[in-house]
1. Would any residue of the stretch 16-42 have its amide N under 16 Å from a label point 7 Å out along Cα→Cβ of LYS259? List them or say none.
2. What Kirkwood radius, in Å to one decimal, follows from the Cα pairs of the stretch 254-327?
3. Placing unit charges on C-beta atoms (Lys and Arg positive, Asp and Glu negative, everything else neutral), compute the dipole magnitude of the chain about its Cα centre in debye, rounded to 20.
4. Tell me the per residue accessible area of the chain using a 1.4 Å probe; a whole number in Å² is fine.
5. Take every Cα-Cα distance within the stretch 492-629, group them into 5 Å bins from 0 onward, and report for each bin the whole-number percent of pairs it holds.
6. Give me the one-decimal Kirkwood hydrodynamic radius in Å for the chain, with the sum taken over alpha-carbon pairs.
7. So between LYS206 and PHE103, what do we pick up on full extension, going 0.36 nm a residue minus the alpha carbon distance?
8. Could you list log10 I(q)/I(0) for the stretch 135-294 at q = 0.17, 0.20 Å⁻¹, which the Debye formula gives when each Cα is one point scatterer?
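The values are calculated or read from the model by the stated rules, or taken from the named source; none is laboratory data. Everything numeric here is computed off the predicted structure, so don't read it as measured data. All Cβ positions, even for glycine, are placed from backbone atoms using ideal geometry, and neighbour counts span all protein chains on display. These area figures cover heavy atoms from the full protein model, side chains too; ligands, DNA and RNA do not enter into them. Shrake-Rupley method; radii C 1.70, N 1.55, O 1.52, S 1.80 Å.
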Amino acid sequence: MKQYNIVFQPSGLRGKVLDNITILDAARQLGVSLESVCGGKGNCGKCKVRIEEGNFAKYKINSSISAVTTREEVNYRFLSKQQMKQNYLLACQTKIHGDVVVFIPEESRKGQQVVRKEATTRKIKLNPVIKKYYVELTAATLHDALGDHERLLAQLEKQYKLTGLVMDYPVLIKLQGIVRQGGWKVTVSVWKGQEIVGVEPGQVKKGYGFAVDIGTTTVAGYLCDLTTGEVLATEAIMNPQVAYGEDVMSRIGYATKEKNGLKKLNDAIIDGLNEIAAGAAKKAGIKRSDIIDMAVVGNTCIHHLFLNLPPQYLGKSPFTPAIHHSVNVKARDLGLKVAAGAYVHVLPNEAGFVGADNVGVLIAEEPYNQDEMLLIIDIGTNGELILGNRKKLLSSSCATGPAFEGAEIRHGMRASAGAIEKLKIDPKTKEVQFKVIGNDKWNTEDKNIGARGICGSGIFDAAAQMFLAGIFDKSGRFDMKVKSPRLRMGEKEPEFVIAWAKETAINQDIAIVQKDIRAIQLAKGAMYSGARIMMNRLGIDKVDRVILAGAFGSFIDKTSAAVIGLFPDCDRKMVYAVGNAAGDGARMALLNIDKRDEADYWAQRVEYVELTLEPNFNSIFTKALSFPH
Ligand code: FES
């Protein structure tokens, strides 16, 4: 098959690609950073690139727009007429049929996402799955011909009353050497009182475990001391699967339809976990192979992709997972390079897309031990809700869409340097003050603030502040009678300028457009109606406490969330942000075996509410679209 030269600017990364592949796939193959929030479906408009025309002697390329074919009708939805004239197009909708030079504008380059998943200071009761036993063996002689394995088991029974133990094969392979290295004194790591998963020479008191929260967008790993519960190091990265699609449905599509799709997605997350485990071990001054136990949470799709389980049945009604119950699997079978005998415990799934991450939140917040009526909202790429108390628990998930994460928003972006994360609008003058990630000053204090777009928390603020300043009405429609140079008719629809071009690094005004407000309405309407339907099921009109879980929940402004009507009214003092509760749940499962049982028990008992099957879903959802609701 024909091959062509492609060069990406400004990075200069280049290579040969096959005829008829998309520019987005070419970028992935060559490791070029290019946004692809929807995974290449033509739904997000974030993969804008420009075809450079002319003779590039340096690369021996004569580049022309005629070297590509593109889907104009999709480009038209996201590009202005001006951009189309300038050879801008969507990389995922454009196929290569000749040598070409492609320019990636600043706004389409992936920023390094700020990963906000620090471990919380939550107290965790210790009762780890791995217990260590120190034994002194009598040395073998010609008169005592017991095998080392039998010798060790006999001593463990005699000293600790441990019976019926089995030994993991890689441990057996190294056993004789270690026993002699330790002068017949060894420390044995026993998993669940059943299996010897590690033997070390001499007396070793410390043991290490790794708890992991695999989010759709970010992955966080907590290296813990199993004897004290202390978090020794935290490492976080963007989920490397993002390159294959930002939301779970696009990843299911990729895993199901692309050749080797599941393998690529699985390899991506396993490589990512090996990387963060190595990073955390280095920080803590231990070896990665000292990690003897792991606990993992993630939503149902992530769970399947991590465990190499084909996810196609999850992607269509009735959304059946391969397994609900928790899974214990050898880390080595997944390609994880921790201790050879280590197990990975993956928490159970609930139902639909409400997976092990939500179970993590459940065992961290323990609503089943409370009298108060709790509404727990986990805001991520998917919205997940838990409502209840010790009497009854409901859960549901709603498709908020990626609007809160910056996608489907004209100038939306991830939480990376230069993203507007906080803003205020003067209700009288309509003037805007904003802050960007990576800079402590407001735009009014720093003339070179260099905004690049708006991230999720900025979008919450923008919607709330524009509503309070009367820029749009309850229905979300822009009020063009408002007098402000910031409010104007854009090329296709009304828009309100948040940052003037001179305050940006992308040399164009950053604005919230009418369509953005519609996307926010759909997202917050989905969250609110989910909560309302669950409340109706329990016959209640009010909740006692609202808990915002998820790293994102810690960064949004509680008042903005209430103004746009993200959740039913509740005393503002009773709204709490608890940080990464799913990650806390993973740590609890790592450090306390009872929490694993608790997770399996409650995952089966939470009643899952399929919102779209509710007969009055449409009327509740339609009402919830208004501001505040
Ligand atoms: Fe191209 Fe979303 S539109 S990746």
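1. Answer for this model: 17-22, 25-26, 29.
2. Working: mean 1/r = 0.0718 Å⁻¹.
After inverting the pairwise mean of 1/r, the radius is 13.9 Å.
3. That gives a dipole near 1080 debye.
4. 42 Å²
5. Histogramming the stretch 492-629 at 5 Å steps yields 2, 8, 12, 15, 17, 15, 12, 8, 5, 3, 2, 0 percent.
6. Numbers: mean 1/r = 0.0378 Å⁻¹.
Final number for the Kirkwood radius of the chain is 26.5 Å.
7. On the way: separation 103, 0.36 × 103 = 37.08 nm, distance 5.24 nm.
Stretched out fully, the LYS206 to PHE103 stretch lengthens by 31.8 nm.
8. -0.99, -1.16
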